[in-house]
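S.K.: One structure, as structure tokens, below. Some questions next.
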Amino acid sequence: MRLRITTPTGLVVSADDVRYVRAEDATGTFGIQPGHTELVTKLAVSVLSWRDIHGAEHHAAVRGGVLRVREGRRVDVATRELVLDDSLEELSHAVLGRLRQAADAEAKARTRAAQLHASVVRHLYRYVRGEPGVRGLAVGGPAEGGLP
């Protein structure tokens, strides 16, 4: 079989000697072998694995995506992001590090959004009460007279 994995930045995996593909969608894990029926499915955040005709296994942690089987011999995967490794152990370490970084960045973004929301609510409250010196909301940051 032929396996192609792409991201928004381009073709990442191109293998023409694939014997087996293992993937996961919302219904669970499934396998694809030559002659598989036509299929289109939305992948879960998971590990996509494949074995070549020489028996070597390869793995890619995917951040969701779409998998399509065509003509029983072509498997195409499109994903936003992936991490490749031939060792599941090494892949788990790489992915855990990335997931931790992403979780930290998301937490910081949520905190900043909550702070901004609270600042807007405070400003609107003072504006509605008619406190002296409080004008309508300005667009921009503190340098332009807007919210911090």
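S.K.: Could you give the length gained by full extension between ALA118 and ASP104, i.e. 0.36 nm per residue of separation minus their alpha carbon distance, to one decimal place? Mind showing how you got there, number by number?
M.R.: Values: separation 14, 0.36 × 14 = 5.04 nm, distance 2.12 nm.
In short, 2.9 nm is gained.
S.K.: Using the 2.2 N^0.38 Å rule of thumb for compact globular proteins, work out how the chain stacks up: its C-alpha Rg over that value, please. Mind showing how you got there, number by number?
M.R.: Values: Rg = 23.9 Å, N = 148, 2.2 N^0.38 = 14.7 Å.
With N residues counted in the chain, Rg over 2.2 N^0.38 Å equals 1.63.
S.K.: Can you give the three extents of the C-alpha atoms in the range 45-122 along their principal axes, from longest to shortest, in whole Å?
M.R.: Extents along the principal axes, in whole Å: 64, 30, 10.
S.K.: May I ask for the percentage of alpha-carbon pairs in the range 1-56 that lie more than 18 Å from each other?
M.R.: Numbers: 556 of 1540 pairs.
Looking at the range 1-56, the distances longer than 18 Å represent 36 percent of pairs.
S.K.: Could you tell me what percent of the accessible area of the chain is made up of carbon and sulfur, with a 1.4 Å probe and every protein chain present? Each step should come with its number before you reach the end.
M.R.: Numbers: 5210 of 9650 Å².
C and S atoms contribute 54 percent here.
S.K.: Say we join alpha carbon atoms closer than 10 Å with springs in a Gaussian network model of the chain; which of ALA56, ALA118, ALA102 then has the biggest fluctuation?
M.R.: Its mean-square fluctuation being the largest, the pick is ALA118.
S.K.: Now for a separate question. Accessible area per residue, 1.4 Å probe, Å², for the chain: what's the number?
M.R.: On the way: 9650 Å² over 148 residues.
Each residue of the chain exposes 65 Å² on average to a 1.4 Å probe.
S.K.: Fully extended, how many nm does the chain gain between GLU89 and ARG19 (0.36 nm per residue separation, minus their Cα-Cα distance)?
M.R.: On the way: separation 70, 0.36 × 70 = 25.20 nm, distance 2.23 nm.
Here the segment from GLU89 to ARG19 would lengthen by 23.0 nm.
S.K.: If you stretched the chain out fully between VAL12 and THR27, how much longer would it get, using 0.36 nm times the residue separation minus the C-alpha to C-alpha distance? Can you show the working numbers first?
M.R.: Values: separation 15, 0.36 × 15 = 5.40 nm, distance 2.60 nm.
That works out to 2.8 nm of additional length.
S.K.: Can you give me the relative contact order of the range 1-130 as a percent, contacts being Cα pairs under 8 Å and 6 or more apart?
M.R.: Taking the mean separation of contacting Cα pairs over the length of the range 1-130, I get 20 percent.
S.K.: Test of understanding: extend the Cα→C-beta vector of ARG74 to 7 Å, then name every residue of the range 22-56 with backbone N under 15 Å from that spot.
M.R.: Of the residues in the range 22-56, 35-40 have backbone N under 15 Å from the label point off ARG74.
The values are calculated or read from the model by the stated rules, or taken from the named source; none is laboratory data. Keep in mind that this is a model prediction, so the values were computed, not measured. All Cβ positions, even for glycine, are placed from backbone atoms using ideal geometry, and neighbour counts span all protein chains on display. Remember, those area values only see protein heavy atoms, side chains included, never the ligands or the DNA or RNA. Shrake-Rupley method; radii C 1.70, N 1.55, O 1.52, S 1.80 Å.
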